[in-house]
Amino acid sequence: MGTNDTPPEEPKGPEQPPREARPDGPPRAGEQPAPRPGKPAAEPTEPVASTEPAAAVEPTGPVEPDEPATPAASPAGTDGTDGPETTGRQRLAAGLWPPRVSRAQLIVALLLFVLGLGLAIQVRSNSDSSALRGARQEDLVRILDELDGRTKRLEDEKQQLEDQRKELESSSNQAEEARRQTVEKERQLGILAGTVAAQGPGITLKITDPKGQVESDQLLDALQELRAAGAEAIQINGVRVVAGSYFSDEGGHIAIDGKKITQPYEFKVIGKPQDLEPALNIPGGVVQTLEKEQATVAVTRSAKIIVDALRAAKQPDYARSSSS
């Protein structure tokens, strides 16, 4: 019988079932870890040969799935969202200040300011002449006559001064002529100062106030109107009125320079009657104003008015005539 050279087969052990990865346990050596829930599975990579067995790591607690990362909060305004809520007043203030003005806007603003200033001046000049604009034709004619009368009086005074100068230059006795002119000038100044009596043509203004509505300022307005019309000497109820006279209300009565006067108030005025009377009767003038107070006003022209109330000449305290 021949010999068999084939070695005897070794007995096989029981077959091992295939190994499966445990979802909750650590991976074994040579196995890929199972993907965790919540994370995408990593791309498969080629197995790397390892000569040492991986040490098994037991988990210390339950493994929770990773939460998706939240984006970090960005500062206000960088991601297009507003910061703290602002009120409408704050937004308006932020839009108005600081001002954003260009050069063209400044030029336009300057031109508008100049235009507005010119219009304001024009409107004011027009309003100043509105009283004459609404006056009647006869009133305008009378006002023009008054202006002509004042101009004529000034021209006459100028002519008188020129005549005096010529007389002084041509007189053989210049000293005597100078003395005569000085006396005449003194008389004129005495009339204005109230130290000398005067007479001449003029008017009489009589104001009767039964209800006592006339006040001192209304009498002062009448006096100023008469002076503007060319009055040279004025006397009211026996009181001489001069440049320094004043009116006041004292205990229900009117006083001139501290002297009480009673009604009717009678003005004696020396001047040109054709100038004095129209000045009192102009629309809105002295007569109409007094009549609104229920006073009675009477104006009478006269060829001779006597103003005989005098005022004592006031002696200067410090001034003395110079010998030189």
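The values are calculated or read from the model by the stated rules, or taken from the named source; none is laboratory data. Because the structure is predicted, anything quoted here is derived from the model rather than measured. Cβ atoms come from the backbone with ideal geometry, glycine included; neighbour counts cover every protein chain shown. Accessible surface areas use protein heavy atoms only, side chains included; no ligands, DNA or RNA. Shrake-Rupley method; radii C 1.70, N 1.55, O 1.52, S 1.80 Å.
Laid out as a table, the results:
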| quantity | calculated |
| --- | --- |
| Order by protection proxy (mean Cβ within 10 Å, highest first), peptides 269-279, 155-165 | 269-279, 155-165 |
| With all protein chains modelled, accessible area of V286 [1.4 Å, Å²] | 20 |
| Positive minus negative residues near Y265 (Lys, Arg vs Asp, Glu; Cβ under 9 Å) | -1 |
| Label-point separation, Q122 to K259 (7 Å along Cα→Cβ), nm | 5.6 |
| Spatial separation of Cα centroids for the stretch 287-302 and the stretch 226-261, in angstrom | 17 |
